[in-house]
Amino acid sequence: MRELLAKLTGTYGPSGNEEEISKVIEDEIRDYVDEIKTDVMGNLIAFKKGNGQGKRVMLSAHMDQIGLMVTHIDDNGFLRFSNVGGISVLNTINSKVIFKNGTIGNVSYESEIDNIKDIKLNRMYIDIGAKSSEEASNKVSIGDVAVYYSPLSDSNGRYIGGAMDDRAGCALLIQTIKELEDCKNDVYFVFSVQEEVGLRGAKTSAYSINPDVGIAVDVTSTGDTPKARTMAVKLGAGPAIKVKDGSVICHPKVKGLMIDRAEELGIPYQLEVLEWGGTDAGAIHLTREGVPSGAVSVPCRYIHSANEMVDGADLENGVKLLVAILEQEIEL
Ligand code: CO
Ligand code: ZN
């Protein structure tokens, strides 16, 4: 799992630029699925046929990550930028970033600002070390997107790196594809695009798949750091079964079946109420006449920073839970 996570988090893929990460995922799973395709939006959709009269299940983990889009290059070669998804000032100051072509930069802010509260993204810039506008323009164009540069590290059984949101979820789906054997249900594994800018890939893929059940796999916040905002989720206490977030109230039967499978197998789990945010289940459940939907979440600290942290055991248990959910008959 470590190697897979390192590969996935080290691959470039901000919203709207998912080609490279899609290719890496496709190479990982091609031999384990019955069909695989990329749709108009760029969603990678893999299908595994079940061996019974089971349900059509759609699983979705988004493969895009947040980024910084270049809006202007000044005479001295400094780049102004806008956010692609949830880039915050505090998480971005002095972060190292990388463009698709490998160009590296540091993110800083106008030094005349003396109160950190006055810093807005439009008073920040990326410094790629260029000495002039021409030099910068040779490397980067308007509209190019940088992502946090943060190779994976291990510490005490936990992983620290960029893009855990949601490459950790992608890793869970990939591992589930590899371990799924005796499956009653027909399963569509979607590696969705453009989640970070509004659940866009999940919306169109859910329409085309027309599933009986939808399950998003994404990261969620935790409440276990010093003076954190109150939240019952902890790192290392098992995958979280979502009850609600800002985009979805999970279907009680989908939530219930996840809890049943976890309890039967003694898989540790926790219940997640995220008071903000959203995930692909938010789009899936509103498809056509409605789709019963839920989500399995990987607890993650420091979401949307360059150094997101997840727990190795949560990943292993997340795979066990997904396999158990898919292998058994789903009653709705
Ligand atoms: Co996110
Ligand atoms: Zn996410």
Running a GNM on the chain with Cα contacts under 10 Å, which residue among Ala61, Ala283, Ala237 ends up with the highest mean-square fluctuation? Ala237
Can you check what the net charge comes to around Ala216, using other residues whose Cβ is under 15 Å from the Cβ of Ala216 (Lys, Arg +1; Asp, Glu -1)? -3
Given a 10 angstrom Cα cut-off, can you work out which residue in His304, His72, His251 is the most mobile in a GNM of the chain? His72
Any chance you could give the angle, 0 to 90 degrees and rounded to 10, that helix 312-327 forms with the longest Cα principal axis of the chain? 40
Given Cα pairs under 8 Å that are at least 6 residues apart, what percent is the relative contact order of the chain? 23
Would you kindly give the portion of the calculated P(r) for segment 67-148 that falls above 19 Å, as a percent of all Cα pairs? 28
Please compute the Cα-Cα pair-distance distribution of the chain with 20 Å bins starting at 0, giving whole percents from short to long. 33, 55, 12, 0
For segment 13-108, give the magnitude of the charge dipole about the Cα centre (Cβ charges: +1 Lys/Arg, -1 Asp/Glu; no others), in debye to the nearest 20. 320
So, counting K/R as plus one and D/E as minus one, what does the shell of residues with Cβ under 12 Å around Ala130 add up to? -3
If Rh is defined by the Kirkwood formula over all Cα pairs and Rg also comes from Cα, what ratio Rg/Rh do you get for segment 191-308? 0.97
Could you please report the charge total around Ser111, scoring K, R as +1 and D, E as -1 over all other residues with beta-carbon less than 13 angstrom from its beta-carbon? -4
Pairs of lysine in segment 67-148 with Cα under 22 Å and at least 8 positions apart or on different chains: total? 7
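None of the figures in this text is laboratory data; all of them are computed from the coordinates on show. Please read all numbers here as calculations on a predicted model, not as lab measurements. As a convention, Cβ positions derive from the backbone with ideal geometry for all residues, glycine included, and neighbour counts pool all protein chains shown.
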